[in-house]
Amino acid sequence: MDEIVIEGGVPLRGEIAVSGSKNAVLPLMVAGLLTDEKLVLRGTPRLADTRTLAKVLGELGAAVEEFGDGPGEGVSVQATDLVSTRAPYEWVSKMRASFWVLGPLLARAHQAQVSLPGGCAIGTRPVDLYLNGLEAMGADIVVEGGYVNATAKGGLKAARVDFPFVSVGATHVLMMAACLAKGTSVITNAASEPEVVDVGTCLQAMGAKIDGLGTRTLTIDGVARLSGADHTVTRDRIEAGAFALAVAATHGDVTLTGIDENLLGALAPAMRLAGAELSETGTGLHVKGPRGRAIATPVTTEPYPGFATDLQAPFMGLMCCADGVSRIRETIFENRFMHVQELARLGADISLEGDTAIVTGVEKLFGAPVMATDLRASVTLVIAGLMAEGQTRIARVYHLDRGYERIEEKLSAVGAKIWRESQ
C-alpha cells in the first residue's frame, strides 16, 4: 500500500489551482441516469471516488468516459439504455454516494435494487430520510438482505417532503427523483450547500423545473423527460479550505486560483480570528499565514452556511499549535473525531468531552508514523505533517485519494517536501 511521507517545517509559497468539487461531481454523475442523452461535466477532478462511481454507473448501462487533461478535463455520462437497475454491494459498500442511484433509477425505470451504503466510518448516517421521502412519492420499498428493493408502478408522484433535519444526500436524491415525478413536489428543510445548488443548476439545464435553490425550500415541477447538458462543475470549497489551512499552518503565502472568499464560507472569518490574512486577487484568493502562532479559535459545525463538518478536522490541525485553548464542536456526525488519536501521536494535546474536542495548543508537533482513518482525517494528517518537525509517514492514504486530486503534486509545487512511497 502507498504511504505519504512529509518532511515538515517548510512554508508554502506560490499558487495552487483548486479542483472541481468532489461533493458536486458525484451527484452530477448520478444525475446522468435521468436521461438517455449525454451529460457532459467539465472541470471534474480525477479521484478514486469518481472512478468507483463510474464503475457503478457502468453496471447499470451508462457509458462513462473521461476526456481531456488539466483545466479542460472532464467526464461524460450517457445512459442511453439502462441494462440493469441493480447496484450491488461490492460497489455501493465502497462509497456511500453510489446509493444515490436509487432516486434516478426509480424516477426513470420505476424500479431499483440498491445495496445499503458504505463509505467513511464517521457515523451511522441512516438512510431513513431517503426511503421515507421516496415512499411519500409513491414508491413501494422493502429492505431485505442488505438491499433496498423499490418499485414505483406507473412512475413516482409528487409529494411534500419535510425533512426533520438537513441532509445533503437526501436532498440530492429526492430533488433528482422529483424532476421526473408527476406533479409539483415541495421539499422543506432542504440542504442549501453550494454543491446542491450546482447540481440543481445542472438539472435545470437538462430541462428540470426547480425553484428555491440555495434556500431551505425547493419546489419542483415534474417533467416528462430530461435532456443532456454541458455543465462546468463548481470548484471544491473543501479542498480549497484544506489548502488555505495548510498555508496558515505553515506560515505560508499562497494564492488559491479559481475561487473567491465566498467559497470558503464560515471558514474565512474563523481563519481571520486565528490570525491568517485573506484577500481576493484577480485570479483567486490570497492566503497568508499568521505572523506568529495562530490564535486559538472555537468553531461549531453546522449545516451550510455554517462551519462545514468536512473542514472540522483540518481546522483542528491548525489549532494543534495555536496559542491558547480552542473548543471544536461537531454537531453533524457523531463519530468524526477519529483523527484525534493520530494527532496525539504527533504531540497534539486534545481531549474529548462528548461532541466537543478541547485543543490545547502546543509549541510544536513532531513527525511520527500515523494512519488515516477517513477522508477528511487524512488531509488533517497532511496539514499536521507539514507543521511538524521531522518526518511524518501517513498510512492508508487510499482515504486521501478518494477526495483530493494529486495532493502531493500540488503541495510539492508550492514548496512542501512531500512524496508518495509504495510499501
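The values are calculated or read from the model by the stated rules, or taken from the named source; none is laboratory data. Here the structure is a predicted model, which is why all the values come from computation and not from measurement. Note that each Cβ is placed from the backbone with ideal geometry, even for glycine, and that neighbours are counted across all protein chains shown.
Quick notes on this structure:
- Any hit, segment 38-59, residues being of a type outside the set (S, T, N, Q), buried (at least 17 other Cβ atoms within 10 Å of the Cβ), within 15 Å of the chain's Cα centre (by Cα) and not in a helix (DSSP H, G or I): yes
- Members of segment 60-69 found to be outside any strand (DSSP E or B), over 17 Å from His110 (Cα atoms) and either of a type in the set (Asp, Glu) or touching a Leu at 6+ places or on another chain (Cβ under 6 Å) (or both), listed by number: Asp69
- Residue ID - nearest to Ile141 (Cα to Cα), chosen from residues in segment 70-111 that are part of a helix (DSSP H, G or I), among the hydrophobic types (A, V, I, L, M, F, W, C) and more than 22 Å from the chain's Cα centre (by Cα): Leu106
- One residue from Ala242, Ala191, Ala296, Ala224 being within 22 Å of Leu411 (Cα to Cα) and either among the aliphatic types (A, V, I, L, M) or buried (at least 21 other Cβ atoms within 10 Å of the Cβ) (or both): Ala242
- Hey, Gly347 closer than 13 Å to Met319 by Cα, assigned by TED's automatic domain parsing to the domain that holds Phe307, modelled with pLDDT of 95 or more and not hydroxyl-bearing (Ser, Thr, Tyr) or not: yes
- In segment 205-220, the residues that are surrounded by 16 or more Cβ atoms within 10 Å (Cβ to Cβ) and more than 20 Å from Phe163 (Cβ to Cβ): Met206, Gly207
- Among the residues of segment 248-304, none is identified as charged (D, E, K, R), touching a residue at least 40 places away in the same chain (Cβ under 8 Å) and part of a helix (DSSP H, G or I).
- Taken as a whole, the structure places Asp69 among residues that are free of Cβ contacts under 8 Å to residues at least 24 places away in the same chain and in the same structural domain as Val148 (by TED's automatic domain parsing).
- Elements of type strands (runs of 3 or more DSSP E) in segment 138-212, at least 1 residues being modelled with pLDDT under 95: 140-144, 147-151
- Boolean, Glu135 is assigned to a helix (DSSP H, G or I) and either more than 28 Å from Arg51 (Cα to Cα) or touching a Cys at 6+ places or on another chain (Cβ under 9 Å) (or both): yes
- Pick from segment 76-96, criterion more than 19 Å from Thr35 (Cβ to Cβ) and in contact with a helix residue (DSSP H, G or I) (Cβ under 6 Å, 6 or more places away or on another chain), ranking: surrounded by the most Cβ atoms within 10 Å (Cβ to Cβ): Val92
- Matching residues, segment 256-267, being under 20 Å from Ala313 (Cβ atoms) and either among the hydroxyl-bearing types (Ser, Thr, Tyr) or surrounded by fewer than 19 Cβ atoms within 10 Å (Cβ to Cβ) (or both): Ala266
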